[in-house]
Structures are given as C-alpha cells and as structure tokens.
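Engineer: Okay, handing you the structure first.
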There are 2 protein chains.
Amino acid sequence: VASAAAGGEAHLVPLSLAWDGEVVTLALQNDSLTYRNIVSSGRARLGLGPTRDVVMIDATLVDAEPVTSAPADVVDTYAKRADWDPRQAGPGFAFIRLRPQRIQAWRESNELPGRTLMRRGDWLV
Amino acid sequence: VASAAAGGEAHLVPLSLAWDGEVVTLALQNDSLTYRNIVSSGRARLGLGPTRDVVMIDATLVDAEPVTSAPADVVDTYAKRADWDPRQAGPGFAFIRLRPQRIQAWRESNELPGRTLMRRGDWLV
C-alpha cells in the first residue's frame, strides 16, 4: 500500500486486505503514517502479487472507522478474507475502505498493452 | 518501488532490481512517472517480498544514467542480477542507483520490534 502526505514523501507498507468485489478494506493502526496519509489525501495505490504477475489498483477513500465501532459481522468478514483478525492486535486499529478507480494487471512487459481492467471505477472486462 | 512527486501523489510500480551489497540499481523508462519522481525528489521506498516476509528499504538517489551510456560490463551485471536486460527493451531506458538509508525486515507483527537492520546508511546487524 503506497500513500503520500501532502508534503510529497511516498510511504509503502505491506498490509493484508479484504476484497468484496467492490471495495478493498484495510485494517491498520490509526496513528500509522499510512492511515494518516490516506485519510488526508483520500487516495492510495495498491500493488498485489510478485514483481512479474501484478495487480495495481489506484483507489479513493470511501471511509475510515475504528475496528471497535464496526459491527461484529463486518470484522468477522474482514478477518476471514484477510486471514488476520485486528481485534487480536490491540487497540487503535481502524478499517479503511477504498474504492478502486483504476485496476491494471500484467505479468511482463509484453502484457503492458491492454493491461487496464478498470478505468474511472468502471470494469473494462 | 514507491515514489512521489513534489505535489504529493504516491506512485507504485513493480520493477526488477540489482543489489551489489551497497547500491540498488533499477532500470526504467526515462519518461516514466517513477523515474521522474525519483530524480526530482531524490528518494524512493522499496518493498521486496510477499506481504508476510518483507524487506522495506528507504533509499536516496545516487545517480541516474542512460543505459546506452553505461559500460557494457555494468549493463551485463545488472542484466544478470535483475534477470532482465534493458538493452532489449528499446530506447529510453535509464539506470537509477539508490543507496539504502534504512532497511527493515519482518514477517508478521510479532517481528516488528527489532526489524530495523540499517539506519542512516549504517548496518545494525
């Protein structure tokens, strides 16, 4: 998950995510740089997979919510999809929900043409 | 490879790299956003490995050089280490050399304490 503050320095951290077909949900500490960057900038860029088989997602912030405020079934669903339960990670964790605006996928450079799967929030495939 | 422009938007792309123990070398198109971001900001943050076994590197720019200007043995060494030869990728490719300033490595959250392996360019381990 790459994010940046208004000042301009890029941050990057590995995070688990849950995907429901429309929204990506992250769970992260609410005092982390990534959390603060995404809440202030309203966007993030996500990379999934290894270098030569990637999915890249440009996403915009939907909302942020403390894990302790989320309904139990929402946390259960996240924990199952992300294979990690933020309730066991101590206080201060929050969900960030992101909506993909552009999704690209490619393996090596020969696949770069035609790699865009979603543009402006609409699936092209 | 995460980078940002002065304006503040984070960019993220998957790139091969070559590591000689002191410097990370990337080869990328000189009109790409990542190239322009790193040359203008002088820094990048790199993530290696899968989500739950990562190496994170904060690095500063050493120099940038067109691939066509680099000595053949430099390109050969890059191609061998990165498993990819930028001479076969067409014109406009350049090397960017980055010096790690901070290196962190961890698997899961239980390893977050003690994860810093390099600080201000000095190995701690």
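The values are calculated or read from the model by the stated rules, or taken from the named source; none is laboratory data. These numbers were taken from a predicted model, which means no experiment stands behind them. Glycine gets a Cβ as well: all are built from the backbone with ideal geometry, and neighbour counts include every protein chain shown. What goes into the accessible areas is simple: the full protein's heavy atoms, side chains included, and nothing from ligands, DNA or RNA. Shrake-Rupley method; radii C 1.70, N 1.55, O 1.52, S 1.80 Å.
Engineer: So which pairs qualify, if the first residue must be in the range B:72-91 and open to solvent by 70 Å² or more (accessible area, probe 1.4 Å), the second must be polar (S, T, N, Q) and part of a loop (DSSP other than H, G, I, E, B), the Cβ gap must be under 7 Å, and the two must be at least 6 apart or on different chains?
Structural biologist: Close Cβ pairs (under 7 Å, with a partner that is polar (S, T, N, Q) and part of a loop (DSSP other than H, G, I, E, B)) amount to B:D83/B:S16.
Engineer: Would you mind telling me which numbered condition in (1) within 13 Å of another protein chain (Cβ to nearest Cβ); (2) in contact with a strand residue (DSSP E or B) (Cβ under 8 Å, 6 or more places away or on another chain) A:P50 fails?
Structural biologist: With respect to (1) within 13 Å of another protein chain (Cβ to nearest Cβ); (2) in contact with a strand residue (DSSP E or B) (Cβ under 8 Å, 6 or more places away or on another chain), A:P50 is out only on (2).
Engineer: I need the full set of residues from the range B:27-60 which are open to solvent by less than 30 Å² (accessible area, probe 1.4 Å) and not polar (S, T, N, Q), in order please.
Structural biologist: Once the filter is applied, which keeps residues that are open to solvent by less than 30 Å² (accessible area, probe 1.4 Å) and not polar (S, T, N, Q), the range B:27-60 yields B:A27, B:L28, B:I38, B:G42, B:A44, B:R45, B:L46, B:V54, B:M56, B:I57, B:A59.
Engineer: In the range B:16-31, is there at least one residue being at pLDDT below 95, under 26 Å from A:W84 (Cβ atoms) and hydroxyl-bearing (S, T, Y)?
Structural biologist: no
Engineer: Then there's this: Mind telling me which of the residues A:L46, A:L61 ends up being modelled with pLDDT of 95 or more and closer than 21 Å to B:R52 by Cβ?
Structural biologist: Testing whether each residue is modelled with pLDDT of 95 or more and closer than 21 Å to B:R52 by Cβ leaves just A:L46.
Engineer: A follow-up question, please. Kindly provide the set of residues from the range B:92-103 that are touching a Gly at 6+ places or on another chain (Cβ under 9 Å) and open to solvent by 40 Å² or more (accessible area, probe 1.4 Å), ordered by number.
Structural biologist: Hits for the range B:92-103 are B:R99, B:Q101, B:R102.
Engineer: Suppose we keep only residues that are over 14 Å from B:L46 (Cβ atoms) and more than 7 Å from chain A (Cβ to nearest Cβ) within the range B:5-26. Which one would you say is surrounded by the fewest Cβ atoms within 10 Å (Cβ to Cβ)?
Structural biologist: Selected residue: B:G21.
Engineer: Take the conditions loosely packed, with under 15 Cβ neighbours inside 10 Å and part of a strand (DSSP E or B) and apply them to B:D63. Does it pass?
Structural biologist: Yes; evaluated as a whole, the condition is true for this residue.
Engineer: Going residue by residue through the range A:73-84, is there one that turns out to be of a type in the set (D, E, K, R), more than 30 Å from B:A18 (Cβ to Cβ) and in a loop (DSSP other than H, G, I, E, B)?
Structural biologist: Within the range A:73-84, one or more residues are of a type in the set (D, E, K, R), more than 30 Å from B:A18 (Cβ to Cβ) and in a loop (DSSP other than H, G, I, E, B).
Engineer: On the basis of being among the basic types (K, R) and in a loop (DSSP other than H, G, I, E, B), does A:R52 make the cut?
Structural biologist: yes
Engineer: Okay, next question. Return yes when A:R52 is over 24 Å from B:I38 (Cβ atoms) and touching a residue at least 12 places away in the same chain (Cβ under 8 Å) and no when it is not.
Structural biologist: no
Engineer: List the number of the failed condition for B:F93; all other conditions in (1) out of contact with any Leu (no Cβ under 8 Å at 6 or more places or on another chain); (2) closer than 19 Å to B:T25 by Cα; (3) modelled with pLDDT of 90 or more hold.
Structural biologist: Condition (1) is where B:F93 drops out.
Engineer: Report, ordered by the first and then the second residue, all pairs with beta carbons closer than 7 Å, sequence separation of six or more or different chains, a first member in the range A:5-18 that is part of a strand (DSSP E or B), and a second member that is surrounded by 19 or more Cβ atoms within 10 Å (Cβ to Cβ) and of a type in the set (D, E, K, R).
Structural biologist: Every condition considered, the pairs that remain are A:A10/B:R45; A:H11/B:R45; A:L12/B:R45.
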